[in-house]
Amino acid sequence: MTDPSPIGAHPMTTQSEQAPRPRRATPEAQPAGVPELCDVEQHLITPAAPAVGRVVESRLCTASRKAAGFVRHVAIDVSGTPLAGRFRAGQSFGVVPPGLTDKGKPHKLRLYSIASPTRGEDGKGQVLATTVKRTIDEHWDDHTLLLGVASNFLCDLQPGAEVAITGPAGKRFVLPKDPSAHDYVFFATGTGIAPFRSMLLEMLGDPAGACQSRITLVMGAPYATDLIYHDELTALSQTHPNFTYLTAISRERQDDVDRKLYVQGRLETHADHFRDLLASERTLIYVCGIAGMELGVFQGLAGLLDAGAMEQYLRGEPGVMGSPSAWERRMIPRQLRPTRRVMLEVY
Ligand code: A2P
């Protein structure tokens with residue numbers, strides 16, 4: 001018997017016994033300044049037939065060798081594959097680790113954010129890079145060592161090694177078609193920096209001329225030694241006055257403030273800067289990193305902005321909007337609805 005019921009209804013009930021189907025919600029009116037995102041191609045290489053890339057570079061990319069974790073910038077030559085010249089800043093690509101799982105099945109592909117601009121690391125879109133943190137942990141039940149399969153495979157690869165790749169993937173966490181039509185606030189934690197390195201190099205490193213938009217990046221890390229691409233980002237901010245680079249260190253005091261900070265804490269320490277930037281109809285917010293950070297960012301925005309400015313980025317039921325301290329992550333996106341001026345990628 002074909003099941004005519006909508007998902008969630010009991011398969012044996014008839015159409016007439018079911019609760020009425022919810023009416024399709026009318027699309028919510030969006031604030032001014034909603035971006036037209038750039039056109040992307042996706043899934044040019046599928047997991048059924050991965051292409052072969054070749055590692056050309058692998059280097060640590062934390063601010064210091066003293067970092068507790070290992071984060072590597074791994075660059076892969078994709079020339080001769082369908083990815084060459086066809087990925088966009090902000091997209092991801094897939095890596096298929098070799099070998100089999102404990103159950104004898106091939107490993108599933110893992111998606112990694114592309115850290116390179118559309119023109120690639122090489123200026124021709126033939127080499128893409130990603131930012132990989134080694135997953136090193138203990139199994140919770142018997143405390144034996146747990147090594148993440150794909151992250152350690154990628155981090156172990158030496159220049160010249162081959163890697164099975166797919167992609168590109170992602171169409172929402174990308175820049176607008178005309179990046180100069182907007183200003184930007186980027187919030188990153190950990191390897192969530194990868195798509196922002198990609199976007200910053202896209203906008204500021206363009207050999208045809210740097211984009212003049214106002215861009216602020218807030219980068220969060222446990223310790224200052226864990227900051228990723230810190231020297232490169234510092235150099236970019238020194239050569240581009242329209243780019244502000246702020247860090248938020250969660251387990252030690254900051255150079256400028258005597259307390260620990262999550263990224264949203266920068267909305268307080270730099271309140272005037274953000275109030276002005278976020279009041280503008282041009283501004284877009286991008287958030288990438290640890291799951292849960294988006295809630296803190298929204299609460300931080302609510303503490304900073306008046307109701308009019310806030311509704312450019314987040315909307316919700318009136319009772320809900322009025323009490324940010326009671327917000328919970330599960331309220332996103334139904335009771336707290338980010339507008340199309342907010343791009344979220346949390347994991
Ligand atoms: P902490 O772990 O001190 O609580 P990494 O990916 O390198 O572990 O870094 C993630 C960073 O994000 C850490 O500084 C971590 O702080 C911080 N973090 C953890 N939870 C949140 C949250 N809900 N909002 C913002 N930042 C967070």
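The values are calculated or read from the model by the stated rules, or taken from the named source; none is laboratory data. Quantities reported herein were computed from a predicted structural model and do not represent experimental measurements. With ideal geometry, Cβ positions are generated from the backbone for all residues, glycine too; neighbour counts draw on all protein chains shown.
Pairs meeting the criteria (first residue in the range 214-228 and more than 9 Å from the ligand (Cβ to nearest atom), second residue assigned to a strand (DSSP E or B) and of a type in the set (F, W, Y), beta carbons under 6 Å, at least 6 apart or on different chains) are I215/Y184; I215/F243; L217/F186; L217/Y245; V218/F187.
Per the listing T130, T101, the residue uniquely among the hydroxyl-bearing types (S, T, Y) and at pLDDT 95 or above is T130. Among the helices (runs of 4 or more DSSP H) confined to the range 234-347, the ones with at least 3 residues that are crowded, with 17+ Cβ neighbours inside 10 Å are located at 271-279, 293-304. Going by the conditions given, is Y229 under 19 Å from the mean Cα position of the chain (by Cα) and either on the phi > 0 side of the Ramachandran plot or of a type outside the set (D, E, K, R) (or both)? Yes.
Residue count for the range 231-254 under the criterion of being under 19 Å from T189 (Cα atoms) and either in contact with a helix residue (DSSP H, G or I) (Cβ under 6 Å, 6 or more places away or on another chain) or more than 16 Å from the ligand (Cβ to nearest atom) (or both): the result is 11.
If you go through the range 120-152, how many residues are more than 16 Å from the ligand (Cβ to nearest atom), assigned to a strand (DSSP E or B) and either surrounded by 16 or more Cβ atoms within 10 Å (Cβ to Cβ) or of a type in the set (G, A, S) (or both)? Total meeting the criteria: 3.
In the range 170-200, how many residues are assigned to a helix (DSSP H, G or I) and either without any contact (Cβ under 8 Å) to a residue 12 or more places away in the chain or within 26 Å of Y262 (Cβ to Cβ) (or both)? Outline the logic, then answer.
If we filter the range 170-200 for residues that are assigned to a helix (DSSP H, G or I), which is where we start, we get 179-181, 190-200.
Checking which are either without any contact (Cβ under 8 Å) to a residue 12 or more places away in the chain or within 26 Å of Y262 (Cβ to Cβ) (or both) leaves us with 190-200.
Total meeting the criteria: 11.
Of the residues making up the range 258-281, those that are within 15 Å of the ligand (Cβ to nearest atom) and either closer than 19 Å to T225 by Cβ or of a type outside the set (V, I, T) (or both) are R259, K260, L261, Y262, V263, Q264, G265, R266, L267, E268. Looking at the range 59-82, which of the residues that are among the hydrophobic types (A, V, I, L, M, F, W, C) and away from the ligand (no atom under 16 Å from the Cβ) is surrounded by the most Cβ atoms within 10 Å (Cβ to Cβ)? Once the filter is applied, the top-ranked residue is I76.
Take F93 and decide whether it is touching a Pro at 6+ places or on another chain (Cβ under 6 Å), at pLDDT 95 or above, part of a loop (DSSP other than H, G, I, E, B) and crowded, with 18+ Cβ neighbours inside 10 Å. For F93, the condition - touching a Pro at 6+ places or on another chain (Cβ under 6 Å), at pLDDT 95 or above, part of a loop (DSSP other than H, G, I, E, B) and crowded, with 18+ Cβ neighbours inside 10 Å - is not met.
Here the condition is being on the phi > 0 side of the Ramachandran plot and either without any contact (Cβ under 8 Å) to a residue 40 or more places away in the chain or of a type in the set (S, T, N, Q) (or both); of G85, G80, G90, it holds for G80 alone. For the range 58-66, the condition holds for at least one residue, the condition being that it is in a loop (DSSP other than H, G, I, E, B), under 28 Å from P179 (Cβ atoms) and at pLDDT 95 or above.
If the condition is being crowded, with 18+ Cβ neighbours inside 10 Å and touching a Leu at 6+ places or on another chain (Cβ under 7 Å), then the range 39-50 contributes only I45.
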